[in-house]
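Peer 1: My questions will all concern the structure given below.
Here, each number is a calculation from the coordinates, and none is a lab measurement. Since the model is a prediction, treat every value here as computed from it, not as a measurement. Glycine gets a Cβ as well: all are built from the backbone with ideal geometry, and neighbour counts include every protein chain shown.
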């Protein structure tokens, strides 16, 4: 299993990661807060299950390719086709749920995203999901620490 990226033992190369996650895309809802707590989304909200589906699809490809987690170490470019989201869902809330799901697995922080292209495509519910292709600098673990 790939190790976490250690700046001392890693170098980077340009690469890409591509995967599909199936299910009806759920937009990120408005966060709630109680008193002085940080804003949050409840654990039982459907977006949490959607994020787990996206995360699992991404994680599977990272493991298959032998990349470390997070695999992107610099700027990240994302192209995403969202299929079958509810017609009233805002595109910005749809991509927020997806980029949050990929944080820590595809990249350390979503501030690394320097270019995004999100496209909404209407389809029936049986073809619902997302197709994601990301590119950027991918960490490679060097044997023996470099």
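Peer 1: By average Cβ neighbour count within 10 Å, what is the ranking of 15-23, 91-99 from highest down?
Peer 2: The most tightly packed comes first, giving 91-99, 15-23.
Peer 1: Same structure, new question: Would you mind putting 57-70, 100-113 in packing order, based on average other-beta-carbon counts within 10 Å, highest first?
Peer 2: Final packing ranking: 100-113, 57-70.
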